[in-house]
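Taking it in order: structure first as structure tokens, then the write-up.
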Amino acid sequence: MMILSHLLLAAALQLPDCAASGSRDGVVRDAQTAIGIADAVVAGRRQRVRTLPDGRFSIVAAGCDTLHVRRLGYRGASHVLLAEGPVVIAMQRAAVPLPAVEARAAAGSQGRTVVTGDAAEARILGGSSAGDLAATLPFVGVRMVSGRTALSVRGSRPEQVLVTLDGIPLNDPATGTADLADIPLAALGGVSVAFGTSGAVHGSGATGGVMALHSGTGTIVAGQVGAYGNRAVEGAWTNAGAAGRIRIGGAFATGDDDFSFRNVAAAAPADTVERRRNNDFQRASGFLTAAASRWQLLVLHGETERGLVGPMNVRAFDGDRGRTARSVARVATTAGPVDLHASARHVAARYDGGAGAHPAFRVRARSLGVAAAMPVAWLALESGASIDRVDGSTLARSSRSAAFAGAHAVRDLGRLRASGALRLDVVERSMGRLSPSLVVERPGAVTLAARVGQGFRVPTFYDIYFASPQRITVQPLVPERVALDAEVRASADAGCGGVCSVQAAVSLFERRTHDAIVWFPGNVGWSPQNVPEERARGGEVQVAMRRPGVTAKAWGGSYHTMLWDGFLEMRTPYVPYWAGGGVINSDGEHLSTRIQVTYTGRRPFVTGPAIAELELPQVTVVALGIQRHQATERGLLTITLSVDDLLDVRPEFVRRYPTAGRRWTAGLSLSPRRP
């Protein structure tokens, strides 16, 4: 009995000091990336709260209380409070990351080059769409023509970059591309772009890279005016509590965009000064996002009308109009250890040939998809199915179904960490495609990483349709296959006497694509065909310095992309030989500034030999933005003034399509707290 008493006394002496009830602050983080997790539910005996966008929370609890944490896409976690000390709760991913979570966490990956951006960085430069947000990112080529935005990553074509919003693919099933100009900035919180093939995670279409947009948080009302009759208003309202978070908003933008330009392709003996016509646009959109501990919801609808102006020396398009309506919806929930999500997309486009110079047509595309993910031992498994349907006045009604199953695992091997994924896709009228990937990294003062992967892209409905009527000898299109996508990368972080921090990274990459689907001039018009091989290789380097209130970044890359048609070796159009840039952000209590410089080297404008006559000249574009912040009783008032193309170089993103040159924007926004 005495021995039992001594044991009980000793055990009592080792119990933690249980403090009285009070407010405790803490943070919930991703165990792999150390990035804060938003919308996680933290429950104690006395209170239930939800984490902020950066993962922080404050809860009323006592020492020795147990906090239980739940978040869609993560395994549940528990944490016993001590009398004092920080409350840091790490959550393990339950399975292959839900795309909405992956978009926030991608920046922590060292196995591949990932760049991130914030909506506030685009807003200070007068941005109002996802295309303006993409233009702030390093190593991302953005081409804007006739009001539409196309992307290029490491020499890829626009249809090789998969764009997602909270996990929903936005690429049009008919064309294979996503127009970022149709997505309002008010709906977004930020973006992550992962370079390289991601077929093992995303399946078809992610052969060049993945741009993952994620929804924003917070309340804001904003308006702006700019050059050439540009006007925009946007707003979002957020209500967050212990039960969940809901955000509703909308945006409207319009502009004439008619400007004077020098027509260097006119039939006259000398260049003429003309005015760009039919370059106007009008966009309206609305969105709803909601999240709770066991479910998430996203709904977005937008409509756009724009003039489809042609090249500078062609006036036949001055009456052509285009109208697009886009709707997306996604819902995700949990059932025990299984994460379930379903999505739907609808895109309707209409082309009006004006005075009859060009025939009018319409096209409609719809997609449905479901997927499930769950952990099994040390593996994360995911499977799903989808169906795409398209019809139109120039397209026969067609449909295509697909299904996939994949697995992902992360293992620590001593000083090394290995991450592997394998996915099998079965697409109607195409053979099953197996896409593997492997990443090995060695963390340390200098982190070394190597990545290899494979992927594929099935022909779009446009590819299939236009392959037949445009050529005398028709070769059926087959999916393009990335036989090798490899990257080696080194990155390092260093401090400078506690005053600042410096990060640097360098990477080398190579991508080889077999049977690449490329459009060439045909007997009647342009049409696609399979090219035996497409090769892209190069190197990139980036350096960033951060100190309180100031961030400076610089980056540069060299690119060599070639097409081999079996007889000739040709350069891929619009991929520069060299590209780079830099940005300096200054963020103070009352004043913020951003200056960004983007350099684009010489680049071919047609598929052909590498000669100067077939190349666009190098250009350097400078953008400047200034914001003045003023605290008021209703919230933070921000005044924005920005100038794009400060040096008025008027670059041609696409040959013979002029740009306006220097343009200004002035904006005003009000938010409860700083965005």
(Q) Here is a list: 165, 213. Which entry is closer than 28 Å to residue 363 by Cα, assigned by TED's automatic domain parsing to the domain that holds residue 277 and crowded, with 24+ Cβ neighbours inside 10 Å? (A) 213
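Taking residue 426, is it in a strand (DSSP E or B) and within 25 Å of the chain's Cα centre (by Cα)? Give the steps one after another, and end with the answer.
Numbers: in a strand (DSSP E or B): yes; within 25 Å of the chain's Cα centre (by Cα): no.
No; evaluated as a whole, the condition is false for this residue.
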Q | Search result, residues across the range 424-439 that are in contact (Cβ under 8 Å) with a residue 60 or more places away in the chain and either open to solvent by 40 Å² or more (accessible area, probe 1.4 Å) or farther than 18 Å from residue 486 by Cβ (or both) | A | 425, 427, 433, 436
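For every residue, the table says whether it meets (1) over 24 Å from residue 199 (Cβ atoms); (2) surrounded by 14 or more Cβ atoms within 10 Å (Cβ to Cβ); (3) touching a residue at least 60 places away in the same chain (Cβ under 8 Å).
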residue	(1), (2), (3)
488	no, yes, no
493	yes, no, no
498	yes, no, no
515	no, yes, no
562	no, yes, no
569	yes, no, no
578	yes, yes, no
Q: Within the range 451-468, track down each residue that is without any contact (Cβ under 8 Å) to a residue 60 or more places away in the chain and either among the hydrophobic types (A, V, I, L, M, F, W, C) or surrounded by 19 or more Cβ atoms within 10 Å (Cβ to Cβ) (or both).
A: 452
Q.
Looking at the range 560-586 only, could you name the residues that are among the small types (Gly, Ala, Ser) and outside any strand (DSSP E or B)?
A. 566
**Q.** Residues being in a strand (DSSP E or B) and not hydroxyl-bearing (Ser, Thr, Tyr) - total across the range 604-622
**A.** 7
Q. If you go through the range 607-616 one residue at a time, do you hit one that is buried (at least 17 other Cβ atoms within 10 Å of the Cβ), within 24 Å of residue 158 (Cβ to Cβ), of a type in the set (A, V, I, L, M, F, W, C) and modelled with pLDDT of 90 or more?
A. yes
Q: Just one of (1) surrounded by 24 or more Cβ atoms within 10 Å (Cβ to Cβ); (2) part of a loop (DSSP other than H, G, I, E, B) trips up residue 175, so point out which.
A: (1)
Q.
Given the criterion touching a strand residue (DSSP E or B) at 6+ places or on another chain (Cβ under 7 Å), modelled with pLDDT under 85 and not aromatic (Phe, Trp, Tyr), identify the matching residue among 337, 359.
A. 337
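Can you tell me which of 417, 366, 389, 362 is over 25 Å from the mean Cα position of the chain (by Cα), open to solvent by 50 Å² or more (accessible area, probe 1.4 Å) and under 21 Å from residue 174 (Cβ atoms)? Don't jump to the end; show me each part of the working.
Working: 417 fails: under 21 Å from residue 174 (Cβ atoms); 366 fails: over 25 Å from the mean Cα position of the chain (by Cα); 389 fails: over 25 Å from the mean Cα position of the chain (by Cα).
When all the criteria are applied, what remains is 362.
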Q: Only residues in the range 588-611 that are closer than 12 Å to residue 575 by Cα count as the first member; pair them with residues that are small (Gly, Ala, Ser) and open to solvent by less than 50 Å² (accessible area, probe 1.4 Å), Cβ under 7 angstrom, at least 6 apart or cross-chain, and list the lot.
A: 600/579; 601/579
Q) In the range 536-546, is there at least one residue being over 26 Å from the mean Cα position of the chain (by Cα), among the charged types (D, E, K, R), modelled with pLDDT under 95 and part of a strand (DSSP E or B)? A) no
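Step by step: first the residues of the range 631-659, then only those that are among the β-branched types (Val, Ile, Thr) and in a strand (DSSP E or B), then the one that is farthest from the chain's Cα centre (by Cα). Which residue is that?
Of all residues in the range 631-659, those among the β-branched types (Val, Ile, Thr) come to 632, 638-640, 643, 649, 654, 659.
Then keep just the ones that are in a strand (DSSP E or B); that gives 632, 638-640, 643.
Values: 632: 34, 638: 26, 639: 27, 640: 25, 643: 24 Å.
Result: 632.
Return the only residue of 671, 642 being surrounded by 14 or more Cβ atoms within 10 Å (Cβ to Cβ), among the hydroxyl-bearing types (Ser, Thr, Tyr) and at pLDDT 95 or above.
Values: 671 fails: at pLDDT 95 or above.
Going through 671, 642 in turn, just one is surrounded by 14 or more Cβ atoms within 10 Å (Cβ to Cβ), among the hydroxyl-bearing types (Ser, Thr, Tyr) and at pLDDT 95 or above: 642.
The values are calculated or read from the model by the stated rules, or taken from the named source; none is laboratory data. Given the structure is predicted, the values throughout are model-derived calculations rather than measurements. Glycine also receives a Cβ, built like all others from the backbone with ideal geometry; neighbour counts cover every protein chain displayed. Heads up: the accessible areas ignore ligands, DNA and RNA and are worked out on the full protein's heavy atoms, side chains in. Shrake-Rupley method; radii C 1.70, N 1.55, O 1.52, S 1.80 Å.
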